[in-house]
Amino acid sequence: MLELAREECNGCGACYNACPMNCITMVPDERGFLYPNIDTAVCISCGACEAACPPLTPLMTLTSESTVYLTCYDHEGFLEPAAGGAIFAMLARYVIEKGGTVFGASFSPDMELRHRSATELNDIFKLQGVKLSQSDTKHTMREARDLLNDGKWVLYAGTPCQIEGFLAFLGREYETLITIDFVCSGVSSPRLLEYYLEGLYKDYGEPVVSLRVREKYKGYKEPYVKIFCKPSVKIFELAQRNSYVQLYEKGYGYRPSCRSCQFRKPHHLSDVTISDAWSAVDDSFAADNRGLTIVQLNTEQGDAVWKTCLDIVEDNRRLLRAVPYDLEKEKAVNAGFTSDKQVDEDTEEALFNDLKTKRFRKAVKAYIEEPKKSFWSRLLGR
Ligand SMILES: Cc1cc2nc3c(=O)[nH]c(=O)nc-3n(C[C@H](O)[C@H](O)[C@H](O)COP(=O)(O)OP(=O)(O)OC[C@H]3O[C@@H](n4cnc5c(N)ncnc54)[C@H](O)[C@@H]3O)c2cc1C
Ligand code: SF4
Ligand code: SF4
Ligand code: SF4
């Protein structure tokens with residue numbers, strides 16, 4: 001039966017998806033991170049959960065070199081809502097146009113982050129963009145497997161640990177599957193997000209219904225946070241001055257497994273790995289400042305799908321721009337590739353204790369730089 005140290009469990013949910021007896025529940029800890037809990041009275045000791053668990057049963061590591069491109073996909077309004085150069089959206093579009101299903105992270109109406117599926121082009125927008133909190137994969141791995149077994153195309157996107165969990169859960173290859181992960185600094189506490197949203201509600205008197213932490217309001221180089229509280233308040237804040245983003249950048253509230261991530265390695269097991277391109281923001285390639293993604297094609301499947309996408313847009317190369325890129329240049333400026341974020345554990349504990357008793361704005365003051373006044377507006381006609 002599943003036995004794993006707390007700091008090793010990354011919350012991918014592969015065990016929960018794999019259990020034939022449905023006797024695993026994913027239970028949140030104090031910080032909202034999910035951990036499996038087994039009903040031992042029902043468990044039949046079949047070992048399926050262990051076989052799907054990446055830390056317990058690591059998959060074989062790829063060693064072949066990935067092909068790397070600096071890219072931007074500018075089509076049908078997908079670039080603006082993307083955190084980077086909208087390559088996730090381009091591949092999602094490819095799969096949906098084949099009658100397939102795309103899985104990614106999206107906020108529910110009550111602002112819980114979970115994985116969900118999309119089968120329409122319009123639904124891709126909801127999956128785009130960076131969310132800092134950990135996404136609950138729920139039973140999406142089962143849904144995806146059922147579709148694959150029916151011969152349907154599936155794109156499954158997530159953190160590197162979620163993708164390794166998904167691949168281990170599947171336990172075999174499928175010709176109609178594309179997996180995308182990203183270079184990942186770590187995921188933030190769902191409870192911290194709740195504290196932040198509660199704080200905004202108290203400050204503005206309206207519930208938050210939309211939160212985007214990488215809004216390209218002034219371009220890719222200078223991300224903003226955009227918040228919409230229903231029905232009338234809109235807030236824009238420079239991301240580097242936003243208190244929730246600052247806590248993340250300083251490393252507060254990460255899942256324990258992210259402090260020594262086993263998936264921060266040169267060769268990801270996904271077909272495609274996407275990442276930021278901070279090393280290229282001043283290249284002529286990035287002149288319009290509307291978004292960039294570095295793409296690593298890790299597998300034959302990744303290569304093949306990429307080439308087909310290039311063929312599709314061959315008549316209009318303006319839609320998908322791509323040039324070969326030296327990944328070492330990005331690694332030199334992007335810590336997500338190379339190192340785990342660490343913080344002093346006692347200070348982090350003190351922060352969470354403060355959050356229990358004080359309003360968010362006051363509780364975080366001692367841990368970040370004073371946020372500059374955000375600008376916000378209330379819509380007329382309330
Ligand atoms: C928590 C987090 C940490 C990251 N850290 C780094 C880093 O250190 N260095 C770096 O280069 N890049 C990092 N990235 C990746 C990067 O910022 C962007 O994902 C990428 O540049 C955007 O490319 P895009 O425009 O093609 O995709 P987008 O259109 O922005 O799509 C993003 C994809 O990521 C998925 N996603 C978003 N949030 C989550 C989440 N919380 N859990 C699971 N899946 C999610 C979405 O479903 C979608 O598939 C991180 C992303 C996340 C979510
Ligand atoms: S051993 Fe089998 S039945 Fe028991 S929890 Fe794991 S998957 Fe479920
Ligand atoms: S499969 Fe994922 S969620 Fe389950 S124990 Fe392993 S790491 Fe944790
Ligand atoms: S840092 Fe590692 S363990 Fe944490 S979410 Fe990312 S891939 Fe998973």
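Only one of Y217, Y196 is more than 16 Å from ligand 2 (Cβ to nearest atom), at pLDDT below 95 and assigned by TED's automatic domain parsing to the domain that holds L355; which?
Values: Y196 fails: at pLDDT below 95.
Result: Y217 is the single residue among Y217, Y196 that is more than 16 Å from ligand 2 (Cβ to nearest atom), at pLDDT below 95 and assigned by TED's automatic domain parsing to the domain that holds L355.
Can you tell me how many residues in the range 30-76 are more than 16 Å from ligand 2 (Cβ to nearest atom) and touching a residue at least 12 places away in the same chain (Cβ under 8 Å)? Full working, then the answer.
As a first pass, look at the range 30-76 and keep what is more than 16 Å from ligand 2 (Cβ to nearest atom): 30-33, 58-76.
Narrowing the set further to residues that are touching a residue at least 12 places away in the same chain (Cβ under 8 Å) leaves 30-33, 58-59, 61-64, 66-76.
Residues flagged as more than 16 Å from ligand 2 (Cβ to nearest atom) and touching a residue at least 12 places away in the same chain (Cβ under 8 Å) within the range 30-76 amount to 21.
List the helices (runs of 4 or more DSSP H) inside the range 1-108, counting only whole elements, that have at least 1 residues being within 16 Å of ligand 3 (Cβ to nearest atom) and small (G, A, S).
Working: elements: 14-18, 48-52, 87-97.
It comes to 14-18, 48-52.
In the range 260-281, which residue that is small (G, A, S) and touching a Gly at 6+ places or on another chain (Cβ under 9 Å) is farthest from ligand 3 (Cβ to nearest atom)?
Just the residues of the range 260-281 that are small (G, A, S), to begin with: 260, 270, 275, 277, 279-280.
Filter once more, keeping what is touching a Gly at 6+ places or on another chain (Cβ under 9 Å): 270, 275, 277.
On the way: S270: 16, S275: 23, A277: 30 Å.
The extreme case among them is A277.
Taking F125, is it assigned to a helix (DSSP H, G or I), within 16 Å of ligand 2 (Cβ to nearest atom) and hydrophobic (A, V, I, L, M, F, W, C)? Give the derivation first.
Numbers: assigned to a helix (DSSP H, G or I): yes; within 16 Å of ligand 2 (Cβ to nearest atom): no; hydrophobic (A, V, I, L, M, F, W, C): yes.
It is false that F125 is assigned to a helix (DSSP H, G or I), within 16 Å of ligand 2 (Cβ to nearest atom) and hydrophobic (A, V, I, L, M, F, W, C).
Yes or no, residue by residue, for (1) under 29 Å from Y196 (Cβ atoms); (2) surrounded by fewer than 16 Cβ atoms within 10 Å (Cβ to Cβ):
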| site | (1), (2) |
| --- | --- |
| G253 | yes, no |
| C258 | yes, no |
| D271 | no, no |
| R290 | yes, no |
| T299 | no, no |
| L310 | no, yes |
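Just to check your reading of the model, which residue among K216, K230 is under 22 Å from C72 (Cβ atoms), among the charged types (D, E, K, R) and either more than 10 Å from ligand 1 (Cβ to nearest atom) or surrounded by 21 or more Cβ atoms within 10 Å (Cβ to Cβ) (or both)? Show your work before the answer.
Details: K230 fails: under 22 Å from C72 (Cβ atoms).
Going through K216, K230 in turn, just one is under 22 Å from C72 (Cβ atoms), among the charged types (D, E, K, R) and either more than 10 Å from ligand 1 (Cβ to nearest atom) or surrounded by 21 or more Cβ atoms within 10 Å (Cβ to Cβ) (or both): K216.
Results for (1) more than 16 Å from ligand 1 (Cβ to nearest atom); (2) within 14 Å of D136 (Cβ to Cβ); (3) at pLDDT 95 or above, shown as yes or no for each residue.
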{"site": "G13", "(1), (2), (3)": "no, yes, yes"}
{"site": "N17", "(1), (2), (3)": "no, yes, yes"}
{"site": "T25", "(1), (2), (3)": "yes, yes, yes"}
{"site": "D39", "(1), (2), (3)": "yes, no, yes"}
{"site": "L56", "(1), (2), (3)": "yes, no, yes"}
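Restricting the search to the range 146-174, which residues are surrounded by fewer than 21 Cβ atoms within 10 Å (Cβ to Cβ) and either in contact (Cβ under 8 Å) with a residue 60 or more places away in the chain or within 16 Å of ligand 4 (Cβ to nearest atom) (or both)?
Scanning the range 146-174 gives a single hit, G171.
List the number of the failed condition for H115; all other conditions in (1) within 14 Å of ligand 1 (Cβ to nearest atom); (2) outside any helix (DSSP H, G or I); (3) in contact (Cβ under 8 Å) with a residue 60 or more places away in the chain hold.
With (1) within 14 Å of ligand 1 (Cβ to nearest atom); (2) outside any helix (DSSP H, G or I); (3) in contact (Cβ under 8 Å) with a residue 60 or more places away in the chain applied to H115, the lone miss is (3).
I'm checking my understanding of the structure. Among residues of the range 176-216 that are under 26 Å from S260 (Cα atoms), hydroxyl-bearing (S, T, Y) and assigned to a strand (DSSP E or B), which one is nearest to ligand 4 (Cβ to nearest atom)?
Here the residue is S188.
Could we say that S185 is crowded, with 23+ Cβ neighbours inside 10 Å and either modelled with pLDDT of 95 or more or in contact with a Leu (Cβ under 9 Å, 6 or more places away or on another chain) (or both) here?
no
Report, by residue number, each residue of the range 357-382 that is surrounded by fewer than 10 Cβ atoms within 10 Å (Cβ to Cβ) and modelled with pLDDT of 95 or more.
Correct list: T357 only.
The values are calculated or read from the model by the stated rules, or taken from the named source; none is laboratory data. Every value quoted in this text rests on a predicted model; they were computed, and no experiment measured them. We place every Cβ from the backbone using ideal geometry, glycine too, and count neighbours over all the protein chains shown.
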